[in-house]
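Asker: Dumping the structure here so I can ask a few things about it.
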Amino acid sequence: MKIAEVLHFQGFRATGCGQTRVRLLLDATEARVQIRSRWMGQDPLAVELQCTHHHLDDLFGVLELIAAKSISEDPAPYTLPPSDGPVLLEYVRLPTPQKGVVAGSDTMYAAGAWNTTFSLLLWLHPDATFDTGRDLPPEEYDEPVEQFLPVSKGLLWLEQPSKLEIEG
């Protein structure tokens with residue numbers, strides 16, 4: 001199945017202490033991953049990862065991070081975090097939507113909310129490595145840590161698979 005139009009997927013996880021939302025906009029050659037996170041005790045995060053889409057199979061693909069920007073009121077560009085090669089994300093589309101009704105913890109069971117169906121899994125490639133701004137003293141980075149830290153934080157939200165449902 002070749003992707004001819006832009007497909008929109010979204011998913012969320014929330015408790016009384018905050019929420020994380022992930023949205024994927026996917027077409028045949030490009031992808032954008034939007035991550036919005038707001039949790040008690042953490043700075044809010046609103047970042048868009050811009051990727052090249054490598055469509056490998058009807059249901060599987062790889063997204064290669066090429067740029068990033070803020071998606072808050074000031075859509076400023078971010079630099080990419082230092083890495084030892086391309087930062088890759090992977091996804092698998094499911095042939096039919098699945099029910100996501102299992103809570104992964106007692107907290108989520110008692111006070112959580114999440115999308116109840118999903119048709120795509122998105123995650124950071126297990127071999128992707130990137131700097132989170134803590135590997136070196138701040139003065140040793142080529143760019144200020146603040147310029148790539150939101151991108152690193154967004155990528156860290158994708159270390160665990162995100163269950164996304166198709167919009168519309």
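The values are calculated or read from the model by the stated rules, or taken from the named source; none is laboratory data. This one's a predicted model, so the numbers in the text were calculated from it and none came from an experiment. Every residue, glycine among them, receives a Cβ derived from its backbone with ideal geometry; neighbour counts consider all protein chains shown.
Asker: List the number of the failed condition for LYS69; all other conditions in (1) without any contact (Cβ under 8 Å) to a residue 40 or more places away in the chain; (2) surrounded by fewer than 17 Cβ atoms within 10 Å (Cβ to Cβ) hold.
Answerer: Result: LYS69 passes all but (2).
Asker: Looking only at residues that are of a type in the set (A, V, I, L, M) and touching a Phe, Trp or Tyr at 6+ places or on another chain (Cβ under 9 Å) in the stretch 156-168, which one is surrounded by the most Cβ atoms within 10 Å (Cβ to Cβ)?
Answerer: My answer is LEU164.
Asker: While we're on this one: Which count do you get for residues in the stretch 106-155 that are among the basic types (Lys, Arg) and either exposed (fewer than 12 other Cβ atoms within 10 Å of the Cβ) or at pLDDT below 95 (or both)?
Answerer: 1
Asker: Okay, moving on. Out of PHE148, PHE60, I need the residue that is aromatic (Phe, Trp, Tyr) and touching a Lys or Arg at 6+ places or on another chain (Cβ under 8 Å). Which one?
Answerer: Going through PHE148, PHE60 in turn, the sole match is PHE60.
Asker: Please specify each residue of the stretch 43-57 satisfying the condition of being over 14 Å from SER152 (Cα atoms) and either of a type in the set (A, V, I, L, M) or at pLDDT 95 or above (or both).
Answerer: Within the stretch 43-57, CYS51, THR52, HIS53, HIS54, LEU56 meet the criteria.
Asker: Further question on the same structure: Every residue in the stretch 32-48 that is aliphatic (A, V, I, L, M) and within 11 Å of the chain's Cα centre (by Cα), please.
Answerer: Across the stretch 32-48, the qualifying residues are VAL33, ILE35, ALA46, VAL47.
Asker: Same structure, new question: Inspect the stretch 91-99 for any residue being out of contact with any Phe, Trp or Tyr (no Cβ under 8 Å at 6 or more places or on another chain), closer than 18 Å to GLY154 by Cα and in contact (Cβ under 8 Å) with a residue 24 or more places away in the chain and give the result as yes or no.
Answerer: There is no residue in the stretch 91-99 that is out of contact with any Phe, Trp or Tyr (no Cβ under 8 Å at 6 or more places or on another chain), closer than 18 Å to GLY154 by Cα and in contact (Cβ under 8 Å) with a residue 24 or more places away in the chain.
Asker: Within the stretch 143-168, track down each residue that is more than 16 Å from the chain's Cα centre (by Cα), in contact (Cβ under 8 Å) with a residue 24 or more places away in the chain and farther than 17 Å from GLU48 by Cα.
Answerer: GLU143, GLU167, GLY168
Asker: Continuing with the same structure: If only one of VAL33, VAL6, VAL92, VAL101 is under 30 Å from ASP142 (Cα atoms) and either of a type in the set (A, V, I, L, M, F, W, C) or crowded, with 17+ Cβ neighbours inside 10 Å (or both), which one is it?
Answerer: After ruling out the rest, the residue left standing is VAL33.
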